[in-house]
Amino acid sequence: MALLLAVGGATWRCSGRLPARHFSRAARRGERPGGEELSRLLLDDLAPTPRSTAGLELLFGLSPCLLALRAARRRVARLLLQAGRSGLQGERAELLRAAEARDIPILRPRRQKLDALCRFQVHQGVCMEVSPLKPRPCTEVGEARPGDDPQQLWLVLERIQDPRNLGAVLRSAHFLGVDKVITSGRHSCPLTPVVSKASAGALEVMDVFSTDDLAGFLQAKARQGWLVAGTVGCPGPEMSPSSGIPTTSCLDFLWDRPTLLVLGNEGSGLSPAVQASCQLALTVLPGRRLPPGLGSLNVSVAAGILLHSICSQRKGFPVEGKREHLLQGPGEPSATSEGPGVAQHPGLASGSEQERQNGS
């Protein structure tokens, strides 16, 4: 039964055994979220109510939680902020304001409780109980054709199973401008909070699609005029010469038509059916002679190299002259009167690094 208590003129609601409070009154009075209002919240040493019955999961980390609130694609049950802070600034204050605007209950567990709830993942003092995200069916991917834009790039992931690998791949894909991400429906990692944290919240703002017939999807796109480019380690024993699929270095690849870049499983690479659907194999050449067992890169590292190699050919991507301007330090004169801005999704790279790590 919910219990209402009057403490210092403020109304508290105890749901289960955790105190929760809304900040709508404080916002209407113009008070700064995270200041005196936050410091008056009661501290909690009790376990939260079980989430299993509600079908919720615990999203953790500052960027994932903030971007999830901005995107508004998840149902948010509660926001958990680490106790012991006298005030919140920057993105944490924005997070508090966004939660208040949506009338989301806000709790203040101690750090030990957040550590236990997150199974000792790095939560940065911020967690949210949210509804899960699921990939969208590939039938909703749209009917983009080569004539629409010759420089389209879709990233296809087959049986990526490590959530941190998947998150890192999604982060690189979002940063470098991949148009769409397609995953295999079977034997692939679900879109968990660990994936969101590893993606620095990119998962919260990206559309990820899924299909149970990845080979059929690739063959259909090839018939529409798309280039289907698989990926292999070097020297590339995964695709034998008898397969008839040429292998080229990613540095020699010319991006002159819409392309599907296909990355395979961390251990076994691409399946035979998907290999047979590829028209070309791309590889990252090593810088030295490699011993047995080190002939390939981690899939997320390979994804970043391959995507940058391809996307750097896109019109508008920073070229040498612009890159020199972007790398100048503060106070150095610019080579041009106007320099290009770096495109960035709010929250993915904003705020100071010290604030991001504070509380982690």
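Points worth noting:
- Residue 134 vs. criteria among the basic types (Lys, Arg) and assigned to a loop (DSSP other than H, G, I, E, B): yes
Okay, residues lined up against (1) open to solvent by less than 10 Å² (accessible area, probe 1.4 Å); (2) modelled with pLDDT of 95 or more:
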residue: 182; (1), (2): yes, yes
residue: 198; (1), (2): no, yes
residue: 210; (1), (2): no, yes
residue: 224; (1), (2): no, no
residue: 247; (1), (2): no, no
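- Scope segment 261-297; condition loosely packed, with under 13 Cβ neighbours inside 10 Å and charged (D, E, K, R); matching residues: 288, 289
- Residue satisfying all of: in segment 298-326; at pLDDT below 70 and among the basic types (Lys, Arg); most open to solvent (accessible area, probe 1.4 Å) among these: 322
Here's the yes/no breakdown for (1) open to solvent by less than 30 Å² (accessible area, probe 1.4 Å); (2) in contact with a His (Cβ under 7 Å, 6 or more places away or on another chain):
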{"position": "61", "(1), (2)": "yes, yes"}
{"position": "66", "(1), (2)": "yes, no"}
{"position": "88", "(1), (2)": "yes, no"}
{"position": "93", "(1), (2)": "yes, no"}
{"position": "99", "(1), (2)": "yes, no"}
{"position": "111", "(1), (2)": "no, no"}
{"position": "116", "(1), (2)": "no, no"}
{"position": "130", "(1), (2)": "yes, no"}
{"position": "158", "(1), (2)": "yes, no"}
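- Looking only at segment 226-245, and only at residues there that are in a loop (DSSP other than H, G, I, E, B) and under 27 Å from the mean Cα position of the chain (by Cα), the one that is modelled with the highest pLDDT: 226
- Looking only at segment 261-286, residues that are more than 26 Å from the chain's Cα centre (by Cα) and either assigned to a loop (DSSP other than H, G, I, E, B) or without any contact (Cβ under 8 Å) to a residue 60 or more places away in the chain (or both) come to 10 in all.
Each row is one residue, and each column tells you yes or no for (1) at pLDDT 95 or above; (2) touching a Leu at 6+ places or on another chain (Cβ under 6 Å); (3) not assigned by the TED database to the domain that holds residue 200.
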| residue | (1), (2), (3) |
| --- | --- |
| 66 | yes, yes, yes |
| 73 | yes, no, yes |
| 82 | no, yes, yes |
| 93 | no, no, yes |
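- Hey, residue 124 crowded, with 18+ Cβ neighbours inside 10 Å, assigned to a loop (DSSP other than H, G, I, E, B), within 18 Å of the chain's Cα centre (by Cα) and not aliphatic (A, V, I, L, M) or not: yes
The values are calculated or read from the model by the stated rules, or taken from the named source; none is laboratory data. Because the structure is predicted, anything quoted here is derived from the model rather than measured. Don't worry about glycine lacking a Cβ; one is built from the backbone with ideal geometry, like all the others, and counts go over all protein chains shown. Please note that ligands, DNA and RNA were not included when accessible areas were found on the heavy atoms of the full protein model with its side chains. Shrake-Rupley method; radii C 1.70, N 1.55, O 1.52, S 1.80 Å.
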